[in-house]
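Student: Right, I'll just put the structure down here and ask away after.
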Amino acid sequence: MALLKRRNTESEADSPVGDEPVPASARAGGDSAENARVTAGKGRPTPKRSQARAARPRGGAGAVRAATGKEGRRLQRAERREQSQQYRSAMMSGDVNKLPPRERAPERVIARDFVDTRFNIGPIFLAVALVYFIGGLVPNSYVRLTATYLMLVGIIAVVVDSIVLARQVSRRVAEKYPDSRVKVRAYSAQRALLPRRWRMPRPRVSRSDR
């Protein structure tokens with residue numbers, strides 16, 4: 001009996017303190033505290049699967065896209081149509097503030113104003129080209145030869161005039177915008193080829209404003 005008592009005493013001494021049984025109330029209190037921490041971290045309890053399904057929109061995301069996609073495309077087309085009408089009216093009136101962004105560049109405004117205040121060979125060349133076309137239909141060698149010479153002279157004149165115009169416009173743009181990369185040489189030469197009433201955007205200055 002003494003030996004048994006000694007063994008029980010040694011086993012109780014060797015058992016760790018942390019293995020003592022925890023009361024059920026303490027476990028329940030810890031679980032509730034842990035649940036409170038999880039709930040406080042999320043801000044709301046986790047919904048059940050049935051509640052999550054009920055909260056989803058019927059038809060899924062495809063139905064939402066189908067409902068809004070057609071309406072969105074219709075609104076975009078209407079907006080583009082309205083924008084095009086505004087740009088066209090601005091091109092007809094010559095209002096710089098309402099022109100498309102490309103035509104609103106200050107370098108192009110300078111080029112257009114200079115071309116519109118200048119006497120250009122382009123409209124005369126178009127008249128010479130018309131004479132050349134009509135002369136080719138006349139069954140007369142002298143008329144055809146004269147029309148051909150006029151056409152050659154017109155081509156040379158419009159080429160020389162375009163070169164001079166390009167240099168003048170480039171110099172004016174460089175004086176005001178030295179770091180500009182907007183190309184105005186070909187733009188001004190193309191505008192100078194057309195008669196004044198055919199130019200778009202419409203001229204906002206006259207030749208006397210030079």
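Student: Ignoring any ligand, DNA or RNA, what whole percent of the accessible area of segment 60-210 comes from carbon and sulfur when the probe is 1.4 angstrom?
Tutor: 59
Student: Something else now. Considering only protein heavy atoms, what is the solvent-accessible area of Phe125 at a probe of 1.4 Å, reported in Å² to the nearest 10?
Tutor: 40
Student: With Kirkwood's inverse mean 1/r over C-alpha pairs for Rh, give me the Rg to Rh ratio of segment 110-191, two decimals please.
Tutor: Across segment 110-191, the Cα-based Rg/Rh ratio is 1.17.
Student: Starting from the 7 Å offset along Cα-to-Cβ, what nm value, one decimal, do you get for the label separation of Tyr177 and Val159?
Tutor: Reported label-point gap for Tyr177 and Val159 is 3.0 nm.
Student: Shifting gears a bit: What Rg and what Dmax come out for segment 106-153 when only alpha-carbon atoms are used, in angstroms?
Tutor: Rg, Dmax (Cα atoms, Å): 15.9, 51.
Student: Going by a ≥ b ≥ c, the root eigenvalues of the Cα gyration tensor, does segment 71-210 fall in the rounded group (a/c under 1.5), the prolate group (a/b larger than b/c) or the oblate group?
Tutor: Verdict is oblate for segment 71-210.
Student: Can you order the peptides 87-93, 75-81 by their average number of other Cβ atoms within 10 Å per residue, highest first?
Tutor: Highest-to-lowest ranking by the protection proxy: 87-93, 75-81.
The values are calculated or read from the model by the stated rules, or taken from the named source; none is laboratory data. Computed from a predicted structure; not experimentally measured. So basically every Cβ, Gly included, is an ideal-geometry build from the backbone, and we count neighbours across all protein chains shown. Only protein heavy atoms, including side chains, enter the accessible area calculation; ligands, DNA and RNA are left aside. Shrake-Rupley method; radii C 1.70, N 1.55, O 1.52, S 1.80 Å.
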